[in-house]
Amino acid sequence: MTQRKSRVEHALREALQSAITNDVKDPRVRSATLVTVSKVELNVDLSVANVFVSVVGDDATADGVVAALAKAAGFLRGPIGRELALQRAPELRFMHDSTVDVSEKLAAIVREDEERAKAVGRKAGEALPPEPAAEQGDEK
């Protein structure tokens, strides 16, 4: 990845976060508790930006936010291009970033395992004691 590409991705992520928070008035975006631009990936010629958005809320809310942002992409493209002084602003494609959901599920699994461990009387993260091997008959 070129240094310019990574610099533009970072600047685009910050500018989009600000624009989504301040400029997008769609009620579907406002209904979400928290909308965060987690990652921006540009293609080689910087003409298309895949924008990954994490949304705190249920799946229906997340789908509504992504749909609203896709509809507002044209509205956001011009000001973002001018703010970043890009000759040609990239096409914005919004996608739901599910990494936050996955990490929440993993944290829940770990908490559940810790509770089970306490209930059995062992420390969290400690392996189960090995089962005794079945005794075999005397061999001579």
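Go through the stretch 96-125 and report how many residues are surrounded by 10 or more Cβ atoms within 10 Å (Cβ to Cβ) and either among the small types (Gly, Ala, Ser) or in a loop (DSSP other than H, G, I, E, B) (or both).
8
Please find, among 65, 100, 56, the residue that is touching a residue at least 60 places away in the same chain (Cβ under 8 Å), out of contact with any Asp or Glu (no Cβ under 6 Å at 6 or more places or on another chain) and within 17 Å of residue 33 (Cβ to Cβ).
Just a single option satisfies the conditions, and that option is 100.
From the list 91, 9, which one is within 18 Å of the chain's Cα centre (by Cα) and among the acidic types (Asp, Glu)?
9
May I ask you to say which residue of 102, 29, 44 is out of contact with any Cys (no Cβ under 6 Å at 6 or more places or on another chain) and closer than 29 Å to residue 3 by Cα?
Numbers: 102 fails: closer than 29 Å to residue 3 by Cα; 29 fails: closer than 29 Å to residue 3 by Cα.
Sole residue among the options that is out of contact with any Cys (no Cβ under 6 Å at 6 or more places or on another chain) and closer than 29 Å to residue 3 by Cα: 44.
Which of the residues spanning the stretch 15-49 are more than 16 Å from residue 93 (Cα to Cα), among the charged types (D, E, K, R) and either touching a helix residue (DSSP H, G or I) at 6+ places or on another chain (Cβ under 8 Å) or at pLDDT 90 or above (or both)?
If the condition is that a residue be more than 16 Å from residue 93 (Cα to Cα), among the charged types (D, E, K, R) and either touching a helix residue (DSSP H, G or I) at 6+ places or on another chain (Cβ under 8 Å) or at pLDDT 90 or above (or both), then 23, 25, 26, 28 are the ones that fit.
Which residues, counting only those in the stretch 39-72, are part of a helix (DSSP H, G or I), surrounded by fewer than 14 Cβ atoms within 10 Å (Cβ to Cβ) and not charged (D, E, K, R)?
60 - this is the single residue of the stretch 39-72 that is part of a helix (DSSP H, G or I), surrounded by fewer than 14 Cβ atoms within 10 Å (Cβ to Cβ) and not charged (D, E, K, R).
Among the residues in the stretch 78-87, are any surrounded by fewer than 15 Cβ atoms within 10 Å (Cβ to Cβ) and in a strand (DSSP E or B)?
No; the residues of the stretch 78-87 include none that is surrounded by fewer than 15 Cβ atoms within 10 Å (Cβ to Cβ) and in a strand (DSSP E or B).
Can residue 75 be described as farther than 29 Å from residue 105 by Cβ, of a type in the set (A, V, I, L, M, F, W, C), surrounded by 14 or more Cβ atoms within 10 Å (Cβ to Cβ) and out of contact with any Pro (no Cβ under 9 Å at 6 or more places or on another chain)?
Here the answer is yes, as residue 75 does meet what is asked.
Within the stretch 1-38, take every residue that is among the charged types (D, E, K, R) and surrounded by fewer than 15 Cβ atoms within 10 Å (Cβ to Cβ) and give me the one that is farthest from residue 84 (Cα to Cα).
30
The values are calculated or read from the model by the stated rules, or taken from the named source; none is laboratory data. Only a predicted model underlies this, so the values are computations on that prediction, with no experimental measurement involved. Reconstructed Cβ throughout: ideal geometry from the backbone, glycine too, with neighbour counts over all protein chains shown.
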